[in-house]
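Structure record follows, encoded as C-alpha cells.
The values are calculated or read from the model by the stated rules, or taken from the named source; none is laboratory data. All of these numbers come straight from a predicted model, not from anything done at the bench. A quick note on method: Cβ atoms are made from the backbone with ideal geometry, for glycine too, and the neighbour counts reach across all protein chains shown.
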Amino acid sequence: MNVLVVEPGYLPYEKEIPDTLSSDEHLHALQEIVGGWIQAIYPYEEEVAIVCNEEGLIDGLPFNRSVPGGYGGVFGTFFICGLGEEDFCSLPSDLMERFKSEYAQSEILIGAEGNNLYTFKVPSRPKLTENQPHEKNRSSPER
C-alpha cells in the first residue's frame with residue numbers, strides 16, 4: 001500500500017507499506033507512522049482518508065497542518081491513503097500528486113476559535129527517506 005506521509009515541518013513523501021503483512025503487523029505499521037492509536041478522518045469528497053494519531057493533541061504532539069471540512073487541524077504525523085471496499089488502500093497517483101502539492105507548505109498555528117484555525121504558512125524542508133541517497137554534511141570536516 002502506497003501512502004503519502006505528512007510530518008510537521010517537512011515536505012510530504014511517499015511511503016510503501018508491504019502488502020505481505022498480517023492484519024496485526026499491518027495495523028502496527030500504520031500506528032508506527034503516526035506514533036500511536038490511529039484515527040481516520042474524511043475531509044474530502046474523494047475516496048481518501050487522513051489517518052492520524054487519535055491522541056495527538058492530548059499527547060502534546062506538534063501542530064502539523066490544517067485540514068478542510070471543519071476538522072480543524074492535525075497534531076503529529078499523518079498519512080493520506082485511498083479507501084477500498086473494506087479497508088485502506090494505496091493512494092492513486094493523481095491524488096498523490098494533488099496532496100503533495102496541497103500539503104507542500106508547513107504551517108505554524110497562531111491561534112484557534114473552535115475548529116477555525118489561524119495559521120501561518122512557511123516553507124517545508126525535504127525529509128530524507130530510505131529511497132533517497134544521503135548527502136554528507138558539508139559543514140563538518142571529513143576525517
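What tally of residues in segment 3-20 results from selecting those that are in contact (Cβ under 8 Å) with a residue 60 or more places away in the chain and either in a strand (DSSP E or B) or crowded, with 18+ Cβ neighbours inside 10 Å (or both)? I'd like the intermediate steps shown before the answer.
The initial filter retains those residues of segment 3-20 that are in contact (Cβ under 8 Å) with a residue 60 or more places away in the chain, namely 3-15.
The next check asks that each one be either in a strand (DSSP E or B) or crowded, with 18+ Cβ neighbours inside 10 Å (or both); those that pass are 3-8, 10, 12-15.
Final tally of qualifying residues: 11.
Looking only at residues in segment 21-31 that are of a type in the set (A, V, I, L, M, F, W, C) and closer than 16 Å to A49 by Cα, which one is surrounded by the fewest Cβ atoms within 10 Å (Cβ to Cβ)? If you could, list the steps in order and put the result at the bottom.
Kept after step one, since they are of a type in the set (A, V, I, L, M, F, W, C), are these residues of segment 21-31: 21, 27, 29-30.
Now drop any that are not closer than 16 Å to A49 by Cα, which leaves 27, 30.
Numbers: L27: 13, L30: 20.
Result: L27.
(1) surrounded by fewer than 17 Cβ atoms within 10 Å (Cβ to Cβ); (2) within 16 Å of the chain's Cα centre (by Cα); (3) at pLDDT 95 or above; (4) of a type in the set (A, V, I, L, M, F, W, C): which one isn't true of F79, the others all being true?
Only one criterion in (1) surrounded by fewer than 17 Cβ atoms within 10 Å (Cβ to Cβ); (2) within 16 Å of the chain's Cα centre (by Cα); (3) at pLDDT 95 or above; (4) of a type in the set (A, V, I, L, M, F, W, C) is unmet by F79, namely (1).
What number of residues within segment 86-119 are in contact with a strand residue (DSSP E or B) (Cβ under 6 Å, 6 or more places away or on another chain), surrounded by 14 or more Cβ atoms within 10 Å (Cβ to Cβ) and part of a strand (DSSP E or B)?
The total comes to 7.
So in segment 44-76, with the set limited to residues that are under 18 Å from I33 (Cβ atoms) and aliphatic (A, V, I, L, M), which one is surrounded by the fewest Cβ atoms within 10 Å (Cβ to Cβ)?
L57
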